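S.K.: A single structure is presented below for examination.
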Amino acid sequence: MRKLFGIPFPSLAALLLLPALSALPAGGPALAGEVNVVASVPDLGDMASRIGGDRVKVTVLASGREDLHGVPVRPSFIPKLHKADLLLSLGLDAEHAWLPALAADARNNRIREGREGWIEVYPGIGILGAPQVISRAEGEQHPQGNPHFNIGPQCGRIMAGNVARALAGFDPDGAGAYEAGLAAYLAEIEPAVERLRAEGAPLQGVKVISYHADIPYLAEFYGMEVVGTLEPKPGIEPSAGHLAELAAVAATRGVRLVIHNQAQPSKLPGQFAERIGAADVMIGNMAGALEEADTWLALQRYNLRALLAGLESAP
Ligand SMILES: [Zn+2]
């Protein structure tokens, strides 16, 4: 080991250099009490920024264009997680394939899975598709029930409440500010969500098929009926046999829309929609999925416009 002034260099670095470096936050000096928040997905980064205001510094890992279950891990994620006070995630194993291992690699015990800084925002949401037995057999991606609640407009209120609670739990001095931030955010989204419900009335009772089982909360909100999925099970590639069975069901049920998101293959849903005489609709799976869906609320609006346009064009 190299020695400097008789002290092994790494120890010297640990004593002198590293504390100095770690005290320098990226991007300039921190405000007193600034909370370092890392969000797995842009939906939660958006909410944390809106609720936390100046008290929080928010970093988001996913760009929003990825598959929620398979966000490619970049080396730049590790230093972000190393400095995090709170790690916000959807939970219900939505990020199971990429986030817990990253959090474990970040040398920050606070934000490891199950620790006080690891925050999942699903509590309070009426979980759809909860299985009888928790299992990841055959690549099952939804072992604890369906985790795609972020595209259900009805779920934003609960997600935001959980974000505010997590911020106040870490930074009690800011509790009043977070409460006010939450109230202001809800005052914006709640009337907007009610407008979505009214504008989405034509979707009531419409029968749809999705690529992945990612639309049950969206379907619940607008009263659409999900007849099936192109994937035989979440995360399992569509097979010719399964598609033939599904096409037969679709014909008897009068399916109008085949829905996929921006991260999924578009060719197969397009072909399948044509095969069954339905419209092919592309929605976004999280904030940031598309340029015009850069916030959680913008995503909900984008998805409604896409669904209504699909219904207009359905054969
Ligand atoms: Zn899924």
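The values are calculated or read from the model by the stated rules, or taken from the named source; none is laboratory data. Since this is a predicted model, take the numbers as computed values, not measurements. Glycine gets a Cβ as well: all are built from the backbone with ideal geometry, and neighbour counts include every protein chain shown.
S.K.: Of the residues that make up the stretch 134-147, is at least one closer than 24 Å to residue 172 by Cβ and within 16 Å of the ligand (Cβ to nearest atom)?
M.R.: The answer is no, given that none of the residues of the stretch 134-147 is closer than 24 Å to residue 172 by Cβ and within 16 Å of the ligand (Cβ to nearest atom).
S.K.: Given the criteria within 22 Å of the chain's Cα centre (by Cα), within 14 Å of the ligand (Cβ to nearest atom) and farther than 28 Å from residue 58 by Cα, does residue 213 qualify?
M.R.: yes
Quick grid of which residues meet (1) aliphatic (A, V, I, L, M); (2) closer than 25 Å to residue 305 by Cα; (3) touching a residue at least 12 places away in the same chain (Cβ under 8 Å); (4) surrounded by fewer than 19 Cβ atoms within 10 Å (Cβ to Cβ):
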| site | (1), (2), (3), (4) |
| --- | --- |
| 125 | yes, yes, yes, no |
| 149 | no, yes, yes, no |
| 152 | no, yes, yes, no |
| 156 | no, yes, yes, no |
| 159 | yes, yes, yes, no |
| 162 | no, no, yes, no |
| 167 | yes, no, yes, no |
| 179 | no, no, yes, yes |
| 185 | no, yes, yes, no |
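S.K.: Okay, moving on. From the list 190, 231, which one is under 25 Å from residue 314 (Cβ atoms) and out of contact with any helix residue (DSSP H, G or I) (no Cβ under 6 Å at 6 or more places or on another chain)?
M.R.: Residue meeting the stated conditions: 231.
S.K.: What is the number of the single condition among (1) within 16 Å of the ligand (Cβ to nearest atom); (2) at pLDDT below 95; (3) out of contact with any His (no Cβ under 7 Å at 6 or more places or on another chain) that residue 129 does not meet?
M.R.: Result: residue 129 passes all but (3).
S.K.: If you scan the stretch 81-103, which residues turn out to be surrounded by 19 or more Cβ atoms within 10 Å (Cβ to Cβ) and away from the ligand (no atom under 16 Å from the Cβ)?
M.R.: 81, 84, 85, 86, 87, 88, 102, 103
S.K.: Same structure again: Restricting attention to helices (runs of 4 or more DSSP H) lying wholly within the stretch 200-299, give those where 2 or more residues are surrounded by fewer than 22 Cβ atoms within 10 Å (Cβ to Cβ) and charged (D, E, K, R).
M.R.: Answer list for the stretch 200-299: 240-253, 267-276.
S.K.: Can you confirm whether the stretch 217-225 contains a residue that is assigned by TED's automatic domain parsing to the domain that holds residue 47, closer than 18 Å to residue 285 by Cα and touching a Cys at 6+ places or on another chain (Cβ under 8 Å)?
M.R.: So far as the stretch 217-225 goes, no, none of its residues is assigned by TED's automatic domain parsing to the domain that holds residue 47, closer than 18 Å to residue 285 by Cα and touching a Cys at 6+ places or on another chain (Cβ under 8 Å).
S.K.: Any residue at all in the stretch 181-189 that is closer than 30 Å to residue 264 by Cα and either part of a helix (DSSP H, G or I) or not aromatic (Phe, Trp, Tyr) (or both)?
M.R.: Taking every residue of the stretch 181-189 in turn, at least one turns out to be closer than 30 Å to residue 264 by Cα and either part of a helix (DSSP H, G or I) or not aromatic (Phe, Trp, Tyr) (or both).
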